[in-house]
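Participant: Sharing a structure with you now.
Please treat every number below as a calculation from the coordinates, not as lab data. Just so it is clear, the structure is predicted and the values come from calculations on it, not from any experiment. Ideal geometry is used to build each Cβ from the backbone, glycine not excepted, and the neighbour counts take in all protein chains shown.
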Amino acid sequence: MAFFEEARRAFITFLLGLETYVALAMHVLLWTLPVLIVGTFFVNSWVLMEVLYFRIILSRAPSAFFFAWTPKEVLLAYGLLGVYVFLLLNAAGSIGLCWYYSCFDAKGYRMPSGSVAPRPRTVMQTTFGTSRRFDFELLGSDGNRPNRCGEQCVNAGAWRGDRMYHCRHGYNCCLPVFDHYCFWLWVPVYLKTIKPYCLFMPYMFLYSVFSGAVVSWALASPHIRGLSRWSYAVLALSTIFGIISATKMMKFQWTAIVLHNRVGKERGANWRWSMAVLNIKGRLMFDEPSFNPYSLGSRWANAQEVLGPWYQMPFWFWQPARVGQYGDHWNLDCDTTISPAYMVHANLMRLREMPGPALDMPPPPVPPAPPPRGFFRRRHNASSSMV
């Protein structure tokens, strides 16, 4: 019994130590993943160029390797090389665009100027705490917005647009349609980075699977010998990025951000939608809808809102219309797209606040006198006569 007890303790100690090392490795990986991504692009390109171009395409040259591939196999190598370049450009381009916006747009973001359209909209997002203010109804008539940032940031005390949330990690400012800060990629996921961020995941998955498949075939082929040791690094990195992209990131993020059009705090189970509706008097009315006022209903409609129309979806550099329209367009109803169902609900609220008829209005006209009863009696007798 003492032996089993010591073995059990030793096993528990081993598991605790292993958990510590795994946590440390994950922490290191967390802060070095972007470096690994860039390194993966270079290493994979080097190895696949060696396999497809130098070992196969150039095999017919006099100074090439001894084994000569058939023209059909050389043509296939050209096709595989073209597929690799296509996946590389899309994977590297999408994450590169995310890093560009993170460095040059997200830091110090400001709301667009209110010179194009008045600041108060027909429907605006607010908070429950703001709705408890004594002057809440007058915020609209004063030309203000019922949405304030409670954090210490560049927007502190100033008005901010709908679906703007505070980003703490390295930015300390409010970003439009802000979802979260991705430590894995060093990217704040907000209005301008949502599309390239969401497209990076499937492109990176396809890129990793394709690179791993080509290198696996090359290592197993009897006609290709003496490949670089970096080939095994390609297999390891492709497996890591393929699993990460396919499981955690792509499934979870696409479901929430793209298909349901819910970001950041809006995903919480205790989240309450707080909206302010501007009536015809210029005063605000508080409303708490039971559904997402920014969801367009179906998953396909939400995907088109986030990624653009179907012909625009695959292109990570082609931003949807809502990016350019946010905050400074001629739509006086909202900063960003509102659900048609909620706009109907908001308009009904505004109609209830419309004033009734004034007391000094003239009375309605007297309706004409009805015809004599004999008219109906004679018509009835004539129409029912059988002779």
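Participant: Working out 0.36 nm times the residue gap between Trp300 and Thr127, then minus their Cα-Cα distance, what length gain in nm do you get to one decimal? Please report the intermediate quantities before stating the final value.
Facilitator: Values: separation 173, 0.36 × 173 = 62.28 nm, distance 2.91 nm.
Gain on extension, Trp300 to Thr127, equals 59.4 nm.
Participant: Compare the Cα positions of Leu199, Leu175, Pro188 along the charge dipole of the stretch 151-246 (+1 at Cβ of Lys, Arg; -1 at Cβ of Asp, Glu; about the Cα centre) and return the one farthest towards the positive end.
Facilitator: Leu199
Participant: Here's a follow-up. Based on the Cβ-Cβ distance of Ala220 and His169, what FRET efficiency does E = 1/(1 + (r/R0)^6) give at R0 = 35 Å, to the nearest 0.05?
Facilitator: On the way: r = 44 Å, r/R0 = 1.25.
Efficiency, from the Cβ-Cβ distance: 0.20.
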